[in-house]
Amino acid sequence: MAHAVLNGTHVMVGRDLHIPWPPGAPAPAPAPVPYATVDDLLGREVTSRRGSGVRAQGHPAMLRGTDIGPLIVHAGPPSLTLPIELLTSGSKTHFGASSIRLRDQHGKQGNLAGAVLGALGLNLNCGAPAPTLGAVLAPTTVRQGMRLGDVVSGLAGMASDYMLQRLTARVGELAAHGAAGVVAALGRRLGAVALGRVVARFAAHTGTLGTAGAAVAAGRDALARHLASAATGVKLWGATPLGFVIGSPLGASLSNVRGPDGEAIFPSLLDRATEQLDRLGAATDDAVRAYLDDPSVPDVPVGGAVDPALPRVPA
């Protein structure tokens, strides 16, 4: 199959799931609702990766691992938390030809991105509680070939990002759950004290202490329910800040954001963990290359007569 080369004008369309917090409501919705998403692959050019000086049909060719990034267009119910969803939105391309390597706008090497289904690509989009799929429409005559290993590698990348987002959401939910319990307990106490003072003044004027006491209990219970509902909402979207620590809701996409020196401004935990291994690998390569290029090191012949000057290996 010939796979379309993805460029910056190709459009992603998707159906993301997010938990809205309707304006005026005391708590967010109990379950995710669909939002229609659409944007081109180049996005805001914050987390996207495009080939340096490489164009496909006159438009920037994209590299594998490119992410449309923040401010992806969302159409759906109004929500107080929608700005957070937009700032942390993501749509990541995992497929590309490993045989075609080029450099992105930051000078970092990568593979040319391609549409895994021929003229249709698949992106992994952000969502709650799990990522969703987005379709990339790639009508182009510029094609490339992919091997089976390229497809398997892309699927593995999608699976790892999927699991990373699920784990991130779970950790954020557990952390928010603990914090929500403290906030709810404190709110109940403060609410009871405040309502108690109001009721005391009311009782002094009317003498209806029994009715006032019932009002205190009802008000306190209602306040506790609202706080518990709000805490539930915090648990549902509380993993979003944690995504910045790891890289983004889709993994290490924020590592695509690089400064003038080409270094990642927001390196992910994966980047930090592998940085030393990369340096060790580069040092090993340099050492091997220096050894082989040393003129004092004799070349071992392949076939033919053996140089008698070379030391023999005991049998």
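Only the coordinates and a few stated rules stand behind these numbers; no lab work does. Please read all numbers here as calculations on a predicted model, not as lab measurements. Using ideal geometry, Cβ is built from the backbone for each residue, glycine included, and neighbour counts are taken over all protein chains shown.
Does L80 fit the bill of being without any contact (Cβ under 8 Å) to a residue 40 or more places away in the chain and either among the hydrophobic types (A, V, I, L, M, F, W, C) or out of contact with any strand residue (DSSP E or B) (no Cβ under 7 Å at 6 or more places or on another chain) (or both)?
So L80 does not fit the description; no.
Quick check, is R44 under 28 Å from V151 (Cβ atoms) and touching a residue at least 24 places away in the same chain (Cβ under 8 Å)?
When the stated conditions are applied, R44 does not pass them.
Among the residues of region 1-28, write down those that are hydrophobic (A, V, I, L, M, F, W, C), in a loop (DSSP other than H, G, I, E, B) and over 23 Å from the mean Cα position of the chain (by Cα).
Across region 1-28, the qualifying residues are M1, A25, A27.
Select, from L87, L124, L63, the only residue that is within 30 Å of G24 (Cα to Cα) and not basic (K, R).
Sole residue among the options that is within 30 Å of G24 (Cα to Cα) and not basic (K, R): L87.
Can you tell me how many residues in region 73-95 are surrounded by fewer than 16 Cβ atoms within 10 Å (Cβ to Cβ) and of a type outside the set (V, I, T)?
Total meeting the criteria: 7.
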